[in-house]
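The values are calculated or read from the model by the stated rules, or taken from the named source; none is laboratory data. Everything numeric in this text was worked out from a predicted model, so none of it was measured. Positions of Cβ are backbone-derived with ideal geometry, glycine not excepted, and every protein chain shown enters the neighbour counts. Surface accessibility is based on the protein's heavy atoms, side chains included, excluding ligands, DNA and RNA. Shrake-Rupley method; radii C 1.70, N 1.55, O 1.52, S 1.80 Å.
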Amino acid sequence: MNTNRNIGDKFKSEKTVFSVEFFPPKTEEGARQILRTAKKLQSLSPDYASITYGAGGSTRERTLEYGELLHDIFDFEMMPHLTCFGHSKDEIASILERFASSGFKNIMALRGDPPKGETTFIPHPDGFKHANELIEFIRKNYSDFGIGCAGYPEKHPEAKTLDDDIDNLKRKIDAGADFIVTQMFFENSHFYNFVEKCRNVGIDKPIIAGLLPALSLKQVMNFKNMCSTEIPEKLVEKLANAPEADGSKIGLEWAQAQIEDLMSRKIAKGIHLYILNRAESALTLSHLIREK
Ligand code: FAD
């Protein structure tokens, strides 16, 4: 496998970094879909692509497998995600060893969520409690890795306040994270407020805006419940009043307006699209990010 490069360097340029997020497929049809999408996006050459790590133990092997495929076949600069959930420190060490020997140079380092149906995160008895501990471990053992961490413009659901959450985000930066990718948001003012608060506590690393072009009202309401993301009334109305088949068109128009506003303010160092293994949103929106 060719070696990926540290994507932290990409944020040094004046240009807005464009990235997309895949998830590892669970079925044969899903496998065909991710490969079809990767082929369609190849000519866009995103600055990097990330691939998620299965919540609560599912699809973990496939993060590595599909991360390798997307790099080897389609030449994407890949950043696999890694979560602490369910792993001892020794297991994390051997997963990192496998990532490194497969040529990966970037990791999105996360705590992870509890498995479906459970509400409290219970750390492995010999594992890490929070993402900052994982980041410290990666930085100590793989000093040349690019490390991304998660930020929450509307606060993480477990945090009491946004300020508390940002103090905890600072721990991740102090532990060695190179950049922050945000949870999805549909109202840009949350992002601007978040960036300002981060800068006020001395977080000076690049902050990448994570955007999800919505597909349907049902989908955004699920995200609202899972991530406490505000769904603006106007977006709810548009999705509620449109035929179901037009949901993705409305989602694309909404995301387009968000991107145009983000690009005009030049606060986000990058825009990361949660594409859900579909090509349409990146094909429609990437030129808005790339043009400037
Ligand atoms: P942490 O940074 O550990 O934060 C979790 C909570 O603990 C927060 O409320 C925080 O304020 C608090 N906290 C943090 N550090 C401390 C500390 N030292 N002491 C006390 N409190 C602390 N999940 C997956 O399973 N797989 C994925 O691939 C995946 N990718 C994601 C990508 C992005 C961009 C984002 C935003 C989220 C992703 N998630 C993924 C979801 C993520 O795992 C959950 O949001 C999880 O609940 C928190 O992960 P974290 O890394 O932010 O945790």
### Query
With respect to Ile231, is the statement that it is more than 15 Å from Asp167 (Cα to Cα) and in contact (Cβ under 8 Å) with a residue 24 or more places away in the chain true?
yes
### Summary
Subset of the stretch 105-117, residues more than 12 Å from the ligand (Cβ to nearest atom) and either modelled with pLDDT under 90 or not in a loop (DSSP other than H, G, I, E, B) (or both), comes to Asn106, Gly117
#### Entry: the stretch 10-43 - residue that is among the aliphatic types (A, V, I, L, M) and surrounded by 18 or more Cβ atoms within 10 Å (Cβ to Cβ) and, of those, farthest from Ile259 (Cα to Cα)
Ile34
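Considering the stretch 15-51 alone, what residues qualify as being without any contact (Cβ under 8 Å) to a residue 40 or more places away in the chain and either near the ligand (Cβ under 10 Å from one of its atoms) or in contact with a Lys or Arg (Cβ under 7 Å, 6 or more places away or on another chain) (or both)?
To start, the set of residues in the stretch 15-51 that are without any contact (Cβ under 8 Å) to a residue 40 or more places away in the chain comprises 26-29, 31-32, 35, 38-39, 42-43, 45, 49, 51.
Across the stretch 15-51, the qualifying residue is only Ile51.
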### Message
Need the failing condition index for Thr182 against (1) near the ligand (Cβ under 8 Å from one of its atoms); (2) of a type in the set (Val, Ile, Thr); (3) surrounded by fewer than 21 Cβ atoms within 10 Å (Cβ to Cβ), just the number.
### Response
(3)
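Taking Ala93, is it more than 29 Å from Ile259 (Cα to Cα) and of a type in the set (Gly, Ala, Ser)?
yes
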### Task
Hey, could you check the stretch 199-226 for residues that are within 16 Å of the ligand (Cβ to nearest atom) and among the basic types (Lys, Arg) and say which is least open to solvent (accessible area, probe 1.4 Å)?
Lys205
### Message
What's the total number of residues in the stretch 136-154 that are under 16 Å from Met184 (Cα atoms) and more than 8 Å from the ligand (Cβ to nearest atom)?
### Response
2
### Message
Can you tell me which residue is farthest from Pro206 (Cα to Cα) among those in the stretch 118-135 that are more than 10 Å from the ligand (Cβ to nearest atom) and surrounded by 14 or more Cβ atoms within 10 Å (Cβ to Cβ)?
### Response
His124
### Query
Out of the stretch 113-148, which residues are touching a strand residue (DSSP E or B) at 6+ places or on another chain (Cβ under 9 Å) and small (Gly, Ala, Ser)?
Ala131, Gly146, Gly148
### Message
Cβ-Cβ under 9 Å, sequence separation 6+ or interchain: first residue in the stretch 155-170 and over 21 Å from Ser189 (Cβ atoms) and open to solvent by 70 Å² or more (accessible area, probe 1.4 Å), partner more than 6 Å from the ligand (Cβ to nearest atom) and of a type in the set (A, V, I, L, M). Which pairs?
### Response
Asp167/Val201
### Residues (outside any helix (DSSP H, G or I), more than 7 Å from the ligand (Cβ to nearest atom) and more than 16 Å from the chain's Cα centre (by Cα)) located in the stretch 158-177
Lys160, Thr161, Ala175, Gly176
### Query
Out of the residues in the stretch 52-64 that are of a type outside the set (Lys, Arg) and farther than 20 Å from Gly146 by Cα, which is farthest from the ligand (Cβ to nearest atom)?
Glu61
### Task
Determine, yes or no, whether Asp174 is under 26 Å from Phe223 (Cβ atoms) and not aliphatic (A, V, I, L, M).
no
## Note on the structure
Selection from the stretch 83-94 of residues assigned to a helix (DSSP H, G or I), open to solvent by 30 Å² or more (accessible area, probe 1.4 Å) and of a type outside the set (Asp, Glu) yields Lys89, Ala93, Ser94
### Message
With within 25 Å of Pro157 (Cβ to Cβ), touching a helix residue (DSSP H, G or I) at 6+ places or on another chain (Cβ under 9 Å) and of a type in the set (Asp, Glu) as the only criterion, which of Glu253, Glu230, Glu280 stands out?
### Response
Glu230
### Summary
Result of the Cβ filter at 9 Å on the stretch 132-150, keeping first residues that are aromatic (Phe, Trp, Tyr) and partners that are near the ligand (Cβ under 10 Å from one of its atoms) and part of a loop (DSSP other than H, G, I, E, B), at least 6 apart or interchain, is Phe137/Phe128; Phe137/Ala175
